[in-house]
Amino acid sequence: MVDLLLIGGGHAHLGILREIRTKAVEYQVTLISASQYQYYSGMFSGYTEGFYSKSDIRINLQKICEQAGVTFVEDTIIKVDAANRKLIGVSGNVYDFNVVSFDIGSSIENLDGSVKQIKIKPNFIFPNEISEFRETSFPVIVGGGAAGVEMALSVQAWRCKNGYKDNVTIISSSSILSSVSNKAETKILKIVKQKGIRVFENDEIVEVSTQGLVTKNGEHIACSHLLPLTGPKPSSLFVDSSLPLDTKGFLLVGKTLQVTDFPWLFGAGDCVTIADYLSLPKNGVYAVRQGPILWGNINHYLQGRQLTSFDPQKKFVSILSVGQREGLLTYGKSAYYGKWAWLLKHWIDKKFMEKHK
Ligand SMILES: Cc1cc2nc3c(=O)[nH]c(=O)nc-3n(C[C@H](O)[C@H](O)[C@H](O)COP(=O)(O)OP(=O)(O)OC[C@H]3O[C@@H](n4cnc5c(N)ncnc54)[C@H](O)[C@@H]3O)c2cc1C
């Protein structure tokens with residue numbers, strides 16, 4: 001029987017598990033993931049503010065595997081021998097396969113220096129880490145993209161509610177949310193300032209010490225804990241396995257989500273870069289959309305049929321939680337702000353989670 005390994009319980013693989021749950025397959029399917037739980041980043045802000053519990057924001061991979069007739073193994077893969085079709089786990093176990101698919105997400109780079117740094121990836125470490133960060137004397141977030149801004153606003157909202165007097169600081173090497181649109185940038189800057197967050201835009205940290213941070217523009221910033229959210233960084237797995245990579249170190253795949261030279265290796269989500277779309281942003285939306293193409297192509301490959309291409313849509317709706325049950329919805333260059341946007345996000349996120357119960 002064909003051995004199909006799914007590595008990582010990320011968004012694309014969740015789609016495959018949901019599919020197998022309704023339509024049994026003839027392969028021996030195994031999901032190997034670093035934790036039994038997959039935490040959903042779309043609800044990190046609501047968890048941080050105290051609206052959701054741990055069980056609201058996590059998916060039990062073992063349970064969904066049982067429902068789908070898939071074997072679940074908790075292990076972290078540390079080496080891929082593509083030619084001999086073997087994987088090695090941190091447990092020391094060796095896994096043989098006919099076809100393997102990777103959906104292991106990305107990591108976040110820590111800065112050099114002696115201040116305590118918070119890591120929220122892999123996602124199963126998020127709840128404990130964010131609790132420590134919320135309560136610290138001088139919390140600083142580095143990174144002015146959607147993740148950095150959303151986390152800053154939710155930590156700030158939690159601190160206001162719980163009587164903490166010192167506010168959150170964001171340091172961004174560009175204007176905040178500049179990669180989204182001018183409209184979003186203007187709106188979010190106003191919101192962030194209204195909520196009392198200190199923002200240092202177009203600036204960079206040049207020194208990190210127990211006394212605080214020093215920036216390129218000469219600012220001295222008090223910092224007891226630092227949360228770096230400077231964008232996705234690749235996992236070391238593919239570098240250590242001498243596989244084809246993009247210039248940053250992400251696994252390079254074609255539009256069919258296959259690795260050139262090793263067509264029995266597939267990948268989706270943050271951990272891959274599609275050669276035809278080198279600058280495609282890495283986010284959960286694309287990881288989810290890749291799920292059905294990935295599953296279709298794995299099946300077609302095993303059946304010797306023609307594979308299809310993943311072509312990302314140019315625009316998609318994104319809703320940023322901005323604290324106190326308010327949201328900022330962006331679509332292309334448009335941006336809209338209000339309580340209704342948060343309610344819509346809450347409804348979408350809850351619906352997504354219900355699919356995995
Ligand atoms: C604070 C924050 C908020 C965000 N909000 C949004 C949002 O609202 N919308 C959006 O679209 N995107 C959002 N993102 C981005 C989003 O989280 C990622 O793009 C998305 O999670 C990527 O999904 P994935 O399927 O690639 O991997 P992930 O969801 O990261 O899943 C990877 C899985 O692989 C497992 N794993 C990792 N390494 C290994 C290994 N070596 N072996 C075995 N298993 C492994 C992990 O445990 C995990 O189960 C946010 C990011 C952050 C940091």
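Can you find, within the range 19-66, the residue that is nearest to residue 147 (Cα to Cα) among those that are assigned to a strand (DSSP E or B) and among the hydroxyl-bearing types (Ser, Thr, Tyr)? Explain how you work it out, then say what you get.
Narrowing the range 19-66 to residues assigned to a strand (DSSP E or B): 28-33, 37-39, 58-60.
Next, from what is left, pick out any that are among the hydroxyl-bearing types (Ser, Thr, Tyr): 30, 33, 37, 39.
On the way: 30: 31, 33: 23, 37: 21, 39: 15 Å.
Selected residue: 39.
Taking the options 172, 106, 101, name whichever one is closer than 23 Å to residue 214 by Cβ, touching a helix residue (DSSP H, G or I) at 6+ places or on another chain (Cβ under 8 Å) and modelled with pLDDT of 95 or more.
Numbers: 106 fails: closer than 23 Å to residue 214 by Cβ; 101 fails: closer than 23 Å to residue 214 by Cβ.
Step by step, each of 172, 106, 101 is checked, and only 172 is closer than 23 Å to residue 214 by Cβ, touching a helix residue (DSSP H, G or I) at 6+ places or on another chain (Cβ under 8 Å) and modelled with pLDDT of 95 or more.
Using beta carbons and a limit of 7 Å, which pairs, at least six apart or on different chains, have the first residue in the range 1-12 and on the phi < 0 side of the Ramachandran plot and at pLDDT 95 or above and the second one of a type in the set (Asp, Glu) and in a helix (DSSP H, G or I)?
No pair meets every condition.
Go through the range 25-39 residue by residue and tally those that are in contact with a helix residue (DSSP H, G or I) (Cβ under 8 Å, 6 or more places away or on another chain), open to solvent by 30 Å² or more (accessible area, probe 1.4 Å) and at pLDDT 95 or above.
Final tally of qualifying residues: 3.
Just checking, does the range 227-239 include any residue being within 15 Å of the ligand (Cβ to nearest atom), within 26 Å of residue 355 (Cβ to Cβ) and open to solvent by 40 Å² or more (accessible area, probe 1.4 Å)?
Yes, the conditions are met somewhere in the range 227-239.
Right, residue 292: surrounded by fewer than 19 Cβ atoms within 10 Å (Cβ to Cβ), in contact with a helix residue (DSSP H, G or I) (Cβ under 7 Å, 6 or more places away or on another chain) and either not in a strand (DSSP E or B) or not assigned by TED's automatic domain parsing to the domain that holds residue 87 (or both) or not?
Numbers: surrounded by fewer than 19 Cβ atoms within 10 Å (Cβ to Cβ): yes; in contact with a helix residue (DSSP H, G or I) (Cβ under 7 Å, 6 or more places away or on another chain): yes; either not in a strand (DSSP E or B) or not assigned by TED's automatic domain parsing to the domain that holds residue 87 (or both): yes.
Yes; evaluated as a whole, the condition is true for this residue.
Collect the residues in the range 233-250 that are in contact with a Leu (Cβ under 7 Å, 6 or more places away or on another chain), in a loop (DSSP other than H, G, I, E, B) and not charged (D, E, K, R), keeping them in residue-number order.
Quick first cut of the range 233-250, residues in contact with a Leu (Cβ under 7 Å, 6 or more places away or on another chain) only: 238-239, 243-246.
The next check asks that each one be in a loop (DSSP other than H, G, I, E, B); those that pass are 243-244, 246.
Correct list: 243, 244.
For the range 67-118, give me each residue that is free of Cβ contacts under 8 Å to residues at least 60 places away in the same chain, assigned to a loop (DSSP other than H, G, I, E, B) and open to solvent by 50 Å² or more (accessible area, probe 1.4 Å).
Answer for the range 67-118, where residues must be free of Cβ contacts under 8 Å to residues at least 60 places away in the same chain, assigned to a loop (DSSP other than H, G, I, E, B) and open to solvent by 50 Å² or more (accessible area, probe 1.4 Å): 69, 76, 84, 90, 91, 92, 93.
Just a yes or no: is a residue in the range 252-264 at pLDDT below 95 and either among the acidic types (Asp, Glu) or out of contact with any His (no Cβ under 8 Å at 6 or more places or on another chain) (or both)?
Yes: the range 252-264 contains one or more residues that are at pLDDT below 95 and either among the acidic types (Asp, Glu) or out of contact with any His (no Cβ under 8 Å at 6 or more places or on another chain) (or both).
The values are calculated or read from the model by the stated rules, or taken from the named source; none is laboratory data. No experiment lies behind these values; they were computed from the predicted model shown. No Cβ is skipped: glycine too gets one built from the backbone with ideal geometry, and neighbour counts run over all protein chains shown. Accessible surface areas use protein heavy atoms only, side chains included; no ligands, DNA or RNA. Shrake-Rupley method; radii C 1.70, N 1.55, O 1.52, S 1.80 Å.
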